[in-house]
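Worksheet: one structure, shown below.
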Amino acid sequence: PRRRALREGRMHSVEYSLPVNGEEKWIEGSVSPMSSNSVLWIARDITDRKRAEEEKTKLVAEIEKQRQRLKNVVSNVPGVVWEAWWQPDGTQRINYVSDYIETMLGYTVEEWLAVPDFWLAIIHPEDKKEATRVGEESFASGAGNTQRFRWLAKDGRPVWVESNWVVIKDEEGRPAGLRGVTVDISERKRAEEELSFQKSLLESQTEASIDGIITAAKDGKILSYNQRFVELWSLEKEVLDSQSDR
């Protein structure tokens with residue numbers, strides 16, 4: 001640095017370490033030309049600063065490691081993990097949504113993050129009013145909730161989902177946002193509807209039968225019966241109902 005400072009006629013800085021009493025010390029020095037053959041050398045101990053920088057570098061690396069680990073965990077969740085914060089104008093700013101949103105609905109993460117209340121904009125028109133009411137009441141009360149509704153995928157098809165969330169609170173305990181997971185329950189919904197249809201069909205056929213039909217559990221408790229059974233045996237429905245789950 002001395003020769004370079006004399007040659008170029010300007011100040012130069014340098015950092016270096018050296019052992020002092022068995023401990024590494026970091027020094028920052030500046031060399032300024034004073035004349036054609038002399039320089040001014042100023043040095044200061046920057047060991048504490050260097051250690052702080054090293055700790056910061058380690059902390060940043062650890063945070064990134066944990067962030068990547070969390071991302072890997074979230075990427076294996078068969079649903080959309082999200083976080084939203086309420087804004088002064090009453091809208092919700094989505095500040096995080098997992099990549100699974102593209103798998104489930106076809107929208108990119110960027111599309112979700114760019115538009116406030118995007119989740120609400122794509123709710124099926126028939127479900128929007130109720131979804132809005134439940135979400136607002138949950139936020140105001142500070143209590144989490146679970147709700148089913150239909151989202152419209154990017155290709156226009158309706159997708160039944162179940163959303164589970166908790167309310168995020170600020171330092172003073174006031175509601176500030178929501179955090180949750182929304183899963184595709186379309187197959188479950190279809191199965192439930194099919195089961196309901198089959199049950200309704202069976203009940204209709206049973207009631208329309210010319211035969212008296214009754215079902216009972218192993219302990220003799222009556223599970224169901226049709227009107228024809230009552231007529232054939234001239235029974236009082238109140239007696240049957242007192243022993244029935246019907």
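The values are calculated or read from the model by the stated rules, or taken from the named source; none is laboratory data. Every value quoted in this text rests on a predicted model; they were computed, and no experiment measured them. For neighbour counting, all protein chains shown are included, and Cβ atoms are generated from backbone atoms with ideal geometry for every residue, glycine included. We work out accessible area using only protein heavy atoms, side chains counted, and drop any ligands, DNA or RNA first. Shrake-Rupley method; radii C 1.70, N 1.55, O 1.52, S 1.80 Å.
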Just tell me which lysines come within less than 21 Å, Cα to Cα, of residue 50; anything on the same chain fewer than 8 places away is out.
-> 25, 58
Residue with peak Gaussian network fluctuation, the chain [Cα springs, cutoff 10 Å], from 52, 131, 153 | 52
Based on the Kirkwood radius over alpha-carbon pairs, what value in µm²/s does the Stokes-Einstein equation return for the translational diffusion coefficient of region 74-134 at 20 °C and 1.002 mPa s?
-> 173 µm²/s
Report the residue, chosen from 128, 56, 25, that carries the largest GNM mean-square fluctuation when the chain is represented by alpha-carbon nodes joined by springs under 10 Å.
-> 25
Leaving out same-chain residues fewer than 8 places away, which lysines sit with a Cα under 27 Å from that of residue 154?
-> 71, 128, 129, 189
Please return the longest stretch of the chain lacking exposed loop sites, where GluC sites (Glu not before Pro) count only if DSSP places them in a loop and at most 14 other Cβ atoms lie within 10 Å.
-> 1-170
To the nearest 10 Å², what's residue 103's accessible area with a 1.4 Å probe?
-> 100 Å²
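For the chain, what is the accessible area per residue in Å², given a 1.4 Å probe and the full set of protein chains?
For the chain, the per-residue accessible area is 67 Å².
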Please get the size of the charge dipole for region 88-153, origin at its Cα centre, with Cβ charges of +1 on Lys and Arg and -1 on Asp and Glu, quoted in debye to the nearest 20.
-> 200 debye
Within the chain, helix-based [θ] at 222 nm, where runs of 4 or more DSSP H residues each add -39,500 (n - 2.57), nearest 500 = -13000 deg cm²/dmol
Show which lysines lie in cross-link reach of residue 221 when reach means a straight Cα distance below 29 angstrom and same-chain residues fewer than eight apart are skipped.
-> 199, 237
What's the carbon and sulfur percent of region 1-146's accessible surface, probe 1.4 angstrom, rounded to a whole number?
-> 54 percent
Regarding the chain, what whole-number volume in Å³ per residue does the convex hull of its Cα atoms give?
-> 301 Å³
The chain, Gaussian network, Cα under 10 Å: of 145, 21, 226, the residue fluctuating most is 21
Full-extension gain in nm, residue 231 to residue 37, via 0.36 nm per residue minus C-alpha separation | 57.4 nm
